[in-house]
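Structure first, commentary second.
The values are calculated or read from the model by the stated rules, or taken from the named source; none is laboratory data. Given the structure is predicted, the values throughout are model-derived calculations rather than measurements. Cβ: placed from backbone, ideal geometry, glycine included. Neighbour counts: every protein chain shown. Please note that ligands, DNA and RNA were not included when accessible areas were found on the heavy atoms of the full protein model with its side chains. Shrake-Rupley method; radii C 1.70, N 1.55, O 1.52, S 1.80 Å.
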Amino acid sequence: QVQLVESGGGLVQAGGSLRLSCAVSGNRLRLIIMGWYRQAPGKQRELVATITSSGSTNYADSVKGRFTISGDYAKKTVNLQMNWLQPDGTAVYYCGARNIFSGEYWGQGTQVTVSS
């Protein structure tokens with residue numbers, strides 16, 4: 001069983017910063033990609049940022065230059081530093097990971113609310 005546990009969400013004013021963290025645990029883990037996604041009310045879940053086991057990163061255009069993803073595949077952790085948050089960043093943020101043996105897994109989500 002694979003588990004992803006997120007932390008670090010909360011309420012922040014526009015222009016502020018938050019750091020999200022995610023730890024992955026379980027058996028037969030060989031992770032090939034970890035990332036962050038978000039779902040705002042009434043919208044579909046969308047990619048925020050991903051990082052592969054080789055270190056390649058990918059960002060949504062809307063967060064480039066403001067968010068930074070980092071990952072430690074030995075420790076099976078992934079973080080998302082979010083700077084200059086804006087109200088449109090209000091969403092539930094989900095950690096996701098792809099295990100080469102058993103597919104994709106998701107965390108329970110952490111709420112990020114940005115007030116104007």
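Can you tell me which residue in the range 31-40 is surrounded by the fewest Cβ atoms within 10 Å (Cβ to Cβ), limited to those that are in a strand (DSSP E or B) and not hydroxyl-bearing (S, T, Y)? Among residues in the range 31-40 that are in a strand (DSSP E or B) and not hydroxyl-bearing (S, T, Y), the one surrounded by the fewest Cβ atoms within 10 Å (Cβ to Cβ) is I32. Among the residues making up the range 1-37, a single one is of a type in the set (F, W, Y) and touching a Ser or Thr at 6+ places or on another chain (Cβ under 8 Å): W36.
Residue pairs whose Cβ atoms lie under 7 Å apart, sitting 6 or more positions apart in sequence or on different chains, and linking a residue in the range 1-29 that is in contact (Cβ under 8 Å) with a residue 12 or more places away in the chain to a partner that is open to solvent by 60 Å² or more (accessible area, probe 1.4 Å) and aliphatic (A, V, I, L, M), are C22/V5; A23/V5. Among the residues making up the range 93-116, those that are exposed (fewer than 13 other Cβ atoms within 10 Å of the Cβ) and touching a Phe, Trp or Tyr at 6+ places or on another chain (Cβ under 9 Å) are Q108, Q111.
Applying the criterion of being more than 19 Å from T110 (Cα to Cα) and open to solvent by 70 Å² or more (accessible area, probe 1.4 Å) to the residues of the range 63-92, the residue that is nearest to the chain's Cα centre (by Cα) is K64.
Among residues belonging to the range 2-30 that are under 14 Å from the mean Cα position of the chain (by Cα) and in a loop (DSSP other than H, G, I, E, B), point out the one that is farthest from K76 (Cα to Cα). So, considering only residues that are under 14 Å from the mean Cα position of the chain (by Cα) and in a loop (DSSP other than H, G, I, E, B), the one farthest from K76 (Cα to Cα) is G9. The range 41-116 holds strands (runs of 3 or more DSSP E) entirely within its bounds, and those carrying 1 or more residues that are within 16 Å of A23 (Cβ to Cβ) map to 46-52, 67-72, 77-82, 91-99, 103-106, 110-115. Does V5 meet the test of being under 14 Å from Y93 (Cα atoms), open to solvent by 60 Å² or more (accessible area, probe 1.4 Å) and either β-branched (V, I, T) or in contact with a His (Cβ under 8 Å, 6 or more places away or on another chain) (or both)? Spelling it out, V5 is indeed under 14 Å from Y93 (Cα atoms), open to solvent by 60 Å² or more (accessible area, probe 1.4 Å) and either β-branched (V, I, T) or in contact with a His (Cβ under 8 Å, 6 or more places away or on another chain) (or both).
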